[in-house]
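Report on the following structure.
The values are calculated or read from the model by the stated rules, or taken from the named source; none is laboratory data. What you are looking at is a predicted structure, and each value in this text was computed from that prediction instead of being measured. No Cβ is skipped: glycine too gets one built from the backbone with ideal geometry, and neighbour counts run over all protein chains shown.
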Amino acid sequence: MTHRSETVLDVQDVHVEFSGIIALDGVSFGIAQDEILGLIGPNGAGKTTLFNCLSRLYHPSRGDILLGGTSILQWPAHQIARAGIGRTFQNVALFGDLTVRDNISVGMHALTRGNLVSDALRLPMSRRTEARIRTETEELAELLEIADVLEVTAANLPFGTQKRVELARALASKPRILLMDEPAGGLNQEEVFLLGELMKRVRTEFKTSILLVEHHMGLVMSIADHVVALNFGKKLAEGTPAEIQAHPQVIEAYLGGGDA
Amino acid sequence: MMDIGNTSTRTDPSAAIPARPGIGARFNVIVTIVLLLVLVFAPAFAKNFFVFQMTLWLIYAIAILALNLLTGSSGQVSLGHSAFYAIGAYTAAILLNETGLNYVLTLPVAALFGFVAGFLFGFPALRLTGVALAMATFALAVATPAIIKLHVFEEWTGGVQGLFVDKPRAPFGLPISDDAWLYYLTLAVGVLVFLFGLSLLNSRTGRACLALRDNPIAASAMGVNVALYKTLIFGVSAAIASIAGALSAIAIQFVAVDSFTFHLAILLFVGMVVGGIGWLPGSLVGAAFVVFVPNIADGISQGLSGAVFGGLLLLVIFVLPNGAKQIATWLSAQFGAK
Ligand SMILES: Nc1ncnc2c1ncn2[C@@H]1O[C@H](COP(=O)(O)OP(=O)(O)OP(=O)(O)O)[C@@H](O)[C@H]1O
Ligand SMILES: [Mg+2]
């Protein structure tokens, strides 16, 4: 096994159950600083459920999740972004009626301060915040090559562009850990390649760890430093991409039918 | 099974359509200036009774704007804004009768009371969305007159008798009628409230509300405290409705229980829909509809005025499901295209 630096996020023995269905069954793993960690598994393996635990949308019935050594399980969902965890959603969850600019600006909510009175009266504090949001939104749009659609309503954009908008919105909070749920879904071969390049760039420029849920094995195996494989809510295996690709149980889970 | 991760929005991969066509911007400025000029000079050409009608129109526009700010930004529907309007009206009337407070200063006090009431009501309402929230606010509207008539409050509210208020005189020896003065006061308050709402919508706070309307889960993942912003915007909306109520007490010089039934709440809601949800200037159009159309309907047929009003409302909803906003968007695109 290659050497991994200290973990920034630790998932410990997490259990989640939905009225009889065990979605996660004692899953444990850690993600290291600046690492791209691939989380793979057949449909229904529990990958999105794990993301929803990290976002505090689901509460595990057992286990713990530690961010820099502190449990996040007492925090409300809206505190997660402030703590440095950003995310994108499996089928894109943009603010459909808002412009691309406003979508990215909302991404900066956790990074900025303000209050209703100051905002409505355009006090200097709010005007400074607004100027900062404007500049950084435009920089992110530049980086993700969506500057030309900043004033377009998000719902009217093609799927691939929406995904880039969603990534820009997630990056707007300068996350230390970025959760990406199937970013390659619905993209063509060339777009997948560009996405991989972009993720590597994001990792170095934003100094962020990336937790990547993906069915596109080519992408996962080419950019992940470390891979965790789930099946039926349980961790099957964990290791380098090469180790996982050669792992008999992983091969079986993917080829051996199941409920996929 | 619903998966929280799969909160997909509409996917319409059609051609990209700009949301705020910059080309229409100059048209908007021209329309705004013309409208302001008309509003400022109208009293000079109108009889006092019509000036009074215009004041009522502006007061309704402020109350409808309050509702529009709530529904248009956060998506919360209220059929109970008559309650906050009543709070403002009684606050102003009681302050004017019991203390020597200047009538203009009753407005911020009314706003504060309205905000607190709205914020407090917004908390239990957090659990409710859509139809359930509409019902809960409606219950508030239905209960309001009975609460005002309660024995414990009667000493203050005047119960079924209502409260009379002195008519403010035009100050500084201004050479205008008292009615015109009230009109200008209302217009000034209206412009301030409008600017307040506009800045709010285009700020970090406003975007947080718009975001939680479109996708509450994604909004909270971006750090938006959904519960807090929902109650805050409810409070702001109630505060503005309360200001409208206070202005009505001052303009009509009489506050009566019967003015604050659920009928008022429904009228405000109708006004919002006719003006176009989420488009603040539409509040003026919506208010014109609910203030003037009943008069016109009366003129057409006394006995059937309700039917005429209903018919016109049906017509508007069929032809313009997005209200006046639809006409504005269309005009803006027509005239804006260089
Ligand atoms: N809110 C929910 N209520 C009930 N069951 C749920 C809920 N969310 C997830 N599940 C179930 O938990 C299991 C794991 O689902 P999850 O969405 O985490 O899988 P996944 O690994 O993300 O799959 P995919 O690759 O298809 O996205 C599935 O059986 C799913 O039906
Ligand atoms: Mg999933």
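Tabulated data for the structure shown
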item: Enumeration of residues in segment B:173-219 that are without any contact (Cβ under 8 Å) to a residue 24 or more places away in the chain and either under 14 Å from residue B:75 (Cβ atoms) or in contact with a Ser or Thr (Cβ under 7 Å, 6 or more places away or on another chain) (or both); result: B:203, B:204, B:207, B:208, B:211, B:216, B:219
item: Segment A:181-221 - residue that is free of Cβ contacts under 8 Å to residues at least 60 places away in the same chain and in a loop (DSSP other than H, G, I, E, B) and, of those, surrounded by the fewest Cβ atoms within 10 Å (Cβ to Cβ); result: A:188
item: Residue among B:129, B:137, B:144 that alone is free of Cβ contacts under 8 Å to residues at least 60 places away in the same chain and of a type in the set (Ser, Thr, Tyr); result: B:129
item: Sole exception among (1) within 18 Å of residue A:45 (Cα to Cα); (2) out of contact with any strand residue (DSSP E or B) (no Cβ under 6 Å at 6 or more places or on another chain) for residue A:193, by number; result: (1)
item: Members of segment A:199-217 that are away from ligand 2 (no atom under 16 Å from the Cβ) and closer than 24 Å to residue A:50 by Cα; result: A:199, A:200, A:202, A:203, A:206, A:207, A:208, A:209, A:210
item: Search result, residues across segment A:66-90 that are within 7 Å of another protein chain (Cβ to nearest Cβ) and closer than 20 Å to residue A:199 by Cβ; result: A:81, A:87, A:89, A:90
item: Identity of the residue in segment A:54-80, surrounded by 14 or more Cβ atoms within 10 Å (Cβ to Cβ) and under 14 Å from residue A:22 (Cβ atoms), that ends up farthest from ligand 1 (Cβ to nearest atom); result: A:63
item: Residue match in segment B:194-211 (condition: within 27 Å of residue B:168 (Cα to Cα), assigned to a helix (DSSP H, G or I), within 11 Å of another protein chain (Cβ to nearest Cβ) and not aliphatic (A, V, I, L, M)); result: yes
item: Options A:123, A:150, A:111, A:157: the member that is more than 21 Å from residue B:229 (Cβ to Cβ) and either surrounded by fewer than 24 Cβ atoms within 10 Å (Cβ to Cβ) or more than 7 Å from chain B (Cβ to nearest Cβ) (or both); result: A:150
item: Tally, over segment A:91-107, of residues that are out of contact with any Phe, Trp or Tyr (no Cβ under 8 Å at 6 or more places or on another chain) and at the interface with chain B (Cβ under 8 Å from one of its Cβ atoms); result: 10
item: Residues that are modelled with pLDDT under 90 and either more than 8 Å from ligand 1 (Cβ to nearest atom) or in a helix (DSSP H, G or I) (or both), drawn from segment A:12-33; result: A:20
item: Residue among B:256, B:297, B:287, B:265 that alone is surrounded by 17 or more Cβ atoms within 10 Å (Cβ to Cβ) and touching a strand residue (DSSP E or B) at 6+ places or on another chain (Cβ under 9 Å); result: B:256
item: Matching entry among A:52, A:43 (being closer than 20 Å to residue A:71 by Cα, within 16 Å of ligand 2 (Cβ to nearest atom) and within 14 Å of another protein chain (Cβ to nearest Cβ)); result: A:52
item: Any helices (runs of 4 or more DSSP H) falling wholly within segment B:8-102 and containing at least 1 residues that are at pLDDT 90 or above; result: B:48-69, B:81-98
item: Some residue of segment B:233-253 being surrounded by fewer than 21 Cβ atoms within 10 Å (Cβ to Cβ) and out of contact with any Asp or Glu (no Cβ under 6 Å at 6 or more places or on another chain); result: yes
item: Matching residues in segment A:162-179 - criterion: being under 19 Å from residue A:100 (Cα atoms) and either within 16 Å of ligand 2 (Cβ to nearest atom) or not in a loop (DSSP other than H, G, I, E, B) (or both); result: A:162, A:163, A:164, A:165, A:166, A:167, A:168, A:169, A:170, A:171
item: Subset of segment A:120-138 [among the hydrophobic types (A, V, I, L, M, F, W, C) and in contact with a Leu (Cβ under 8 Å, 6 or more places away or on another chain)]; result: A:120
item: Residues within segment A:160-180 that are out of contact with any Leu (no Cβ under 9 Å at 6 or more places or on another chain) and either over 17 Å from residue A:36 (Cβ atoms) or facing chain B (nearest Cβ under 8 Å) (or both), tallied; result: 1
